[in-house]
Structure formats: structure tokens, C-alpha cells
Amino acid sequence: QVQLVESGGGLVQAGGSLRLSCAASGRTNTLYQMAWFRQGSGKDREFVAAISLSTSYTYYLESVKGRFTISRDSAKNTLYLQMNGLKPEDTAVYYCAAIESSIAPRSGQFDYWGQGTQVTVSS
């Protein structure tokens, strides 16, 4: 089992920055891929970014490319999402996810999920 705990959300003005963190514990040595998803109020869950833990290859939602950066500190077992140039449409609950196999990250078929952290961007 793997446990994921997100932190770092908050209220920020448009154009501002936030860094989300996701602390992983448990059988983290078996993880293959980690990702961030988000869900706005009344909206479906949306893929944001993913990273392969073996190759460090990254994937991004088109609308966040150039603004968001996903990274991982393996020594700390922590996943990050650096968000710059935030827009009101980025407002959502952001979730960390992980899986022990290779999947198409945009499918959302991850095995482990955190509880989410709220990001609110004011205009």
C-alpha cells in the first residue's frame, strides 16, 4: 500500500505562483508513475501532469505547458507541482496519484490517490 498526502494549496491572485507537494509513504519503491489531477467545482476530474519515475519523462495538459512543472525528489519521496502564471481557470482541488505500472497517464487509472488540496486563483 501507498499513502499520498498533498499540501501547498491556497488562495493566490492571478499571475501568482504556488508549489504543491505530495508526500508518499509505504511501498514507494514499487511506484512507476506519479501524476497530478484536478477537479473544479461542477467539473470532471482533469489530468494535469505526470512523471515516469524510471525515466523522468513528463507529460502535461496542453493548457498548463510552460506554466506548470512536475518534479520528484526521490530522497524525500515527494512529488511537486510548481505552478506559475496562475489563472482563475486553474481553480480546483488538486490531487496526487500514483501507480506501480506503466499506463497512459491521461486515463486516470491510478491505484493510489491523495485527499486533495484546494487551489483558488482570484482575478
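Give the carbon-plus-sulfur fraction of the accessible surface of the chain in %, rounded to a whole number; probe 1.4 Å, heavy atoms of protein chains only.
On the chain, the fraction of accessible area on carbon and sulfur atoms equals 45 percent.
Name the lysines eligible as straight-distance cross-link partners of residue 87: C-alpha to C-alpha under 27 Å, and not fewer than 8 places from it in the same chain.
Those lysines meeting the cut-off are 43, 65.
In Å², what does the accessible area per residue of the chain work out to with a 1.4 Å probe?
I get 50 Å² per residue for this part.
Report the accessible area of residue 30, computed with a 1.4 Å probe over the heavy atoms of all protein chains in place, in Å² rounded to the nearest 10.
40
The values are calculated or read from the model by the stated rules, or taken from the named source; none is laboratory data. Since this is a predicted model, take the numbers as computed values, not measurements. Each accessible area value is taken on the protein alone, full model and side chains, heavy atoms only, with ligands, DNA and RNA left out. Shrake-Rupley method; radii C 1.70, N 1.55, O 1.52, S 1.80 Å.
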